[in-house]
Amino acid sequence: MKEVIHVFGSENNLTGIATIPENINKKVAVILFNAGVLHKVNAFDMNIDLMKMLADDGSLVFRFDLSGMGDSKKSKNNSTLNEQVINDLIQSMDLIEDKYNINEFVFIGLCTGADNAHKISVADGRVMGVVWLDGYAYPTTKYNKLNFIRYIKAAFNPFKLLRFIRKKLVAVLGGGSDSVNDEGVDNYFWELPDKEVYRKQMQEIFKRNAKGLYLYSGGVNDYYLYEGQFFDAFKDEAFLSNIEEQYYDNADHLYVIRKHRLIMLERIKKWMRDHFLVE
Amino acid sequence: MHAFFFGNIDSPLYGVSHSPTCNDFKNSAILILNPQGHEYIRSHKALRQLADALSGAGYFVLRFDYQATGDSRGELQDVTLDSWKENIKIAADELRSISGQKNITAVGLRLGASLAILSNEIAGLKNVILWDPVISGEDYIDNLDNLQSQLLANKNSWFNKPLSASVLSENELLGYQYSEAFLSSMKEMNLLTQEVPAKLRVKHFSTFSNDDVICLNEKLENDLRRFSHYEIEDMGDWDDIMKIDSALLVHKITNKIVEELG
């Protein structure tokens with residue numbers, strides 16, 4: 001396995017590292033990038049663990065920093081942040097296609113990275129797979145019921161009630177672990193797209209037979225409460241046949257605990273093998 | 001800003017150099033020494049901003065990742081503090097080679113600051129800037145252990161219910177699995193008992209004060225011919241579980257470091 005640093009993009013401002021296994025056995029390249037303001041290794045080195053696991057298993061893996069983050073310079077374009085991110089992600093695919101002759105891609109993103117992974121899958125037909133780590137989820141009847149029960153239980157437990165009030169106050173007043181950075185961008189939050197807009201986007205994406213893996217952790221129990229919530233939210237949709245969903249309720253949002261992380265990594269490795277092995 | 005691999009071809013180190021961006025070239029170059037683990041992830045942006053500011057002040061700057069950390073290859077199971085001291089020597093030599101400067105100033109944050117002291121002789125460092133150094137390796141390990149216990153106790157809704165410590169792997173500390181040899185080398189590390197050559201010039205910047213900080217200042221004041229300390233109110237929060245995944249947003253301390261380096 002070898003690693004090559006690339007400086008790329010129309011402004012030559014982006015920096016990334018390609019990890020190239022001796023025997024590539026997947027038809028897609030995997031692209032990893034930032035979550036929030038963290039640099040390309042990601043929270044607790046998550047992207048390094050992903051890179052090692054997937055490259056060892058025969059995938060070419062490219063990790064890079066978006067414009068202005070980590071080791072990439074700011075862009076001089078006057079585009080919006082969203083346009084810039086999409087442009088950066090497109091340029092990462094252009095680079096891999098040009099240098100390594102692979103023209104199909106899997107994006108793996110955590111939280112804001114999951115949000116951006118979804119957006120690039122909508123914007124570019126070369127994206128044939130997405131792994132969303134704590135990505136979007138929509139409320140369902142069962143979610144609402146579980147959520148209601150949770151609040152009732154909390155109301156009768158003074159410690160839980162206090163914690164709930166504190167959490168809400170922190171959310172309203174700011175601060176806490178999900179703090180806002182100096183550029184006014186939330187570290188770990190995204191805006192949930194309107195459900196019907198999202199449904200149409202997914203229908204389009206899966207017309208090209210792209211695959212998706214939704215992995216949820218117990219760290220997002222404010223909007224995801226049971227395994228199958230994603231499927232319940234989009235019952236009878238044809239695109240569900242290309243989606244897999246898994247809930248790791250004991251794991252935290254960043255998979256800090258090694259055993260939890262290993263289970264998550266193995267799940268992604270299996271999904272890659274199931275869908276992208278060279279025949 | 002230029003990223004490159006250097007050092008041993010079998011286990012290359014990842015470095016990023018920042019060339020001077022003004023004409024007021026300085027006659028020394030600056031080596032930035034990272035913290036370890038989640039503290040490194042938190043501070044990457046702050047250290048890059050510091051490197052940008054120093055290159056803007058006329059310095060040639062090198063940031064790099066120790067073996068088995070960040071974008072440098074290797075496995076944590078295979079390293080000890082001695083491995084990282086050797087990495088610092090290699091990085092200092094690389095910096096001399098690419099900058100053409102003989103004199104190297106190390107700016108170290110947390111464990112990086114401790115490593116700057118430990119490696120000053122083998123790396124030929126003349127000046128060292130300490131930023132919230134890890135003074136006692138044993139206390140540092142205890143702090144990581146304490147943060148990990150708070151994580152498992154789930155005081156901040158990290159997951160759905162508190163977890164037992166049995167979920168941890170052997171020698172796992174807040175997301176990273178270390179070797180027994182690494183932990184032993186950390187436990188032996190203590191700046192309060194570390195011999196420091198009198199000729200080494202040290203400036204110590206701290207965001208907090210406690211007995212260890214006071215003792216370190218007294219020791220360095222006694223041992224060194226040139227030493228100064230600055231306590232600056234800025235973000236650190238190294239023992240706060242709420243901050244383990246928050247980017248380090250600092251301005252005052254980095255501005256002061258740049259100002260002091262001139």
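The values are calculated or read from the model by the stated rules, or taken from the named source; none is laboratory data. Nothing here was measured: the structure is a model prediction, and the numbers come from that model. Reconstructed Cβ throughout: ideal geometry from the backbone, glycine too, with neighbour counts over all protein chains shown. For accessibility, only protein heavy atoms count, side chains too; no ligands or nucleic acids. Shrake-Rupley method; radii C 1.70, N 1.55, O 1.52, S 1.80 Å.
Is there a residue in region A:193-209 that is assigned to a loop (DSSP other than H, G, I, E, B), in contact (Cβ under 8 Å) with a residue 24 or more places away in the chain and surrounded by 15 or more Cβ atoms within 10 Å (Cβ to Cβ)? Reasoning before the result, please.
Taking region A:193-209 as the starting set, the residues that turn out to be assigned to a loop (DSSP other than H, G, I, E, B) are A:193-194, A:209.
Cutting the leftovers down to in contact (Cβ under 8 Å) with a residue 24 or more places away in the chain gives us A:193, A:209.
When the remaining residues are screened for being surrounded by 15 or more Cβ atoms within 10 Å (Cβ to Cβ), the result is A:193.
The answer is yes; a qualifying residue exists.
Would you mind stating whether A:VAL122 is away from chain B (no Cβ under 14 Å), open to solvent by 20 Å² or more (accessible area, probe 1.4 Å), hydrophobic (A, V, I, L, M, F, W, C) and within 22 Å of A:TYR216 (Cα to Cα)? Even if it seems obvious, please write down each step before you answer.
Details: away from chain B (no Cβ under 14 Å): yes; open to solvent by 20 Å² or more (accessible area, probe 1.4 Å): yes; hydrophobic (A, V, I, L, M, F, W, C): yes; within 22 Å of A:TYR216 (Cα to Cα): yes.
Spelling it out, A:VAL122 is indeed away from chain B (no Cβ under 14 Å), open to solvent by 20 Å² or more (accessible area, probe 1.4 Å), hydrophobic (A, V, I, L, M, F, W, C) and within 22 Å of A:TYR216 (Cα to Cα).
Whether any residue in region A:72-85 is open to solvent by less than 10 Å² (accessible area, probe 1.4 Å) and more than 22 Å from A:ARG126 (Cα to Cα) is what I want to check. Can you show your working first?
Kept after step one, since they are open to solvent by less than 10 Å² (accessible area, probe 1.4 Å), are these residues of region A:72-85: A:72.
With the extra rule that they be more than 22 Å from A:ARG126 (Cα to Cα), the set shrinks to A:72.
Among the residues of region A:72-85, at least one is open to solvent by less than 10 Å² (accessible area, probe 1.4 Å) and more than 22 Å from A:ARG126 (Cα to Cα), which makes the answer yes.
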When region A:1-15 is checked residue by residue, the ones that are assigned to a loop (DSSP other than H, G, I, E, B) and either at the interface with chain B (Cβ under 10 Å from one of its Cβ atoms) or touching a residue at least 60 places away in the same chain (Cβ under 8 Å) (or both) are A:MET1, A:GLY9, A:SER10, A:GLU11, A:ASN13
Of the candidates B:GLY58, B:GLY124, B:GLY112, the one satisfying the condition of being closer than 26 Å to B:PHE208 by Cβ, away from chain A (no Cβ under 14 Å) and open to solvent by less than 40 Å² (accessible area, probe 1.4 Å) is B:GLY112
When region A:21-37 is checked residue by residue, the ones that are within 13 Å of chain B (Cβ to nearest Cβ), open to solvent by 10 Å² or more (accessible area, probe 1.4 Å) and more than 14 Å from A:HIS253 (Cα to Cα) are A:VAL37
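Give the residues of region A:231-260 that are crowded, with 23+ Cβ neighbours inside 10 Å and touching an Asp or Glu at 6+ places or on another chain (Cβ under 8 Å), sorted by residue number. Break it down into steps so the answer makes sense when it comes.
Filtering region A:231-260 for residues crowded, with 23+ Cβ neighbours inside 10 Å gives A:251-257.
Once the filter is applied, which keeps residues that are crowded, with 23+ Cβ neighbours inside 10 Å and touching an Asp or Glu at 6+ places or on another chain (Cβ under 8 Å), region A:231-260 yields A:HIS253, A:LEU254, A:ILE257.
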Yes or no: B:SER19 over 19 Å from B:GLN67 (Cβ atoms) and of a type in the set (Ser, Thr, Tyr)? yes
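Tell me, which residue of region B:33-55 that is within 13 Å of chain A (Cβ to nearest Cβ) and within 11 Å of the chain's Cα centre (by Cα) is nearest to A:LYS52 (Cα to Cα)? Full working, then the answer.
Quick first cut of region B:33-55, residues within 13 Å of chain A (Cβ to nearest Cβ) only: B:34, B:36-49, B:51-52, B:55.
Those left that are additionally within 11 Å of the chain's Cα centre (by Cα): B:34, B:36-37, B:39-40, B:43-44, B:47.
Details: B:ASN34: 22, B:GLN36: 19, B:GLY37: 17, B:GLU39: 22, B:TYR40: 20, B:SER43: 23, B:HIS44: 21, B:LEU47: 26 Å.
Filtering first and then ranking leaves B:GLY37.
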- prompt: Is it the case that some residue within region B:12-28 is modelled with pLDDT of 95 or more, among the acidic types (Asp, Glu) and either assigned to a loop (DSSP other than H, G, I, E, B) or open to solvent by less than 30 Å² (accessible area, probe 1.4 Å) (or both)?
  reply: no
State whether one or more residues within region A:248-266 are away from chain B (no Cβ under 14 Å) and not hydrophobic (A, V, I, L, M, F, W, C).
yes
